[in-house]
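Okay, structure first, notes after.
The values are calculated or read from the model by the stated rules, or taken from the named source; none is laboratory data. This is a predicted model, so every value here is computed, not measured. All Cβ positions, glycine included, derive from the backbone under ideal geometry; neighbour counts span all protein chains shown. For the accessible areas, the whole protein counts, side chains as well, though only heavy atoms, and no ligand, DNA or RNA atoms are used. Shrake-Rupley method; radii C 1.70, N 1.55, O 1.52, S 1.80 Å.
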Amino acid sequence: NAVSEVRTYRYYDSENSALQFENTIKDIKEVPEGSCVLLHACAHNPTGMDPTPEQWAELSKAMKEKNLLPFFDCAYQGFASGNAPQDAFAIRMFVEDGHDLATVQSFSKNFGLYGQRTGALSIIGADELEAKKVLSQLKMTIRPMYSNPPKHGAQIVKTILSNERLTNDFIDQCKEMADRINSMRVALRSSLEEGQQDRSW
């Protein structure tokens, strides 16, 4: 385990059901230089509260100034906004801003591949030499853990994302799922408010 110390940063204001961004950015600016910072690309779990594009830009700037390594967790792409490409906004912004970064993506939810545990780890480094060094370290970690994992789920995702028509179908179906989830939330809240009018939902 390469992590010598784990710290937390303030994020969610549970009393007001809001992102406490002033405290978040303050804590990020106090993170030791060169540290790795875990971020949720979209549909923050468990709060569901994501930064605005302007707040993402401020986070990117602060992390760039401290030479921090963003590590994005992207488990619900397509379910936050209902638009899978749009849900990758923060990752794309950080790449455009010149960060070295890592992203873990899960395709269990948005591709319906729970039993396959399909995902991807993507790393952007400074140059080809650094890429070779990172790949070498990854192989040293992966080899004793699982060596040759099942690839059925990965082949399904590759087939869909390599075909424009299938990719568009995937994006449309994510939108349908996101709309259904949102309608269920609205219905649940309405029912709770009707039955428990003395509480804040």
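A few comments on the model shown:
- For a paramagnetic label modelled on ALA120 (point 7 Å from Cα along Cα→Cβ), amide N atoms under 12 Å away belong, within the stretch 141-182, to 154-163.
- Solvent-accessible surface of the stretch 106-198, taken per residue with a 1.4 Å probe and all protein chains present: 79 Å².
- Charge tally in the Cβ shell below 15 Å around GLY34, where Lys, Arg are +1 and Asp, Glu are -1, GLY34 excluded: -2
- Surface composition of the chain: carbon and sulfur make up 51 percent of the accessible area, probe 1.4 Å.
- Note on ARG165 and MET49: the extension gain reaches 38.6 nm, defined as 0.36 nm multiplied by sequence separation minus the Cα-Cα distance.
- Two-decimal ratio, the stretch 20-61, of alpha-carbon radius of gyration to 2.2 N^0.38 Å: 1.17
- Antiparallel %, DSSP beta bridges [both residues in the chain], to 5: 45
- Relative contact order (%) - criterion: Cα under 8 Å, at least six apart; region: the chain: 16
- Volume of the Cα convex hull of the chain, divided per residue and given in Å³: 158
- Between ASP13 and ARG185, the distance separating the two model label sites (each 7 Å from Cα on the Cα→Cβ line) works out to 1.9 nm.
- Our estimate of slack between LYS64 and CYS36, defined as 0.36 nm per intervening residue step minus the Cα-Cα distance, is 8.9 nm.
- The distance between label points at ARG199 and THR141 comes to 4.1 nm (points 7 Å beyond Cα on the Cα→Cβ vector).
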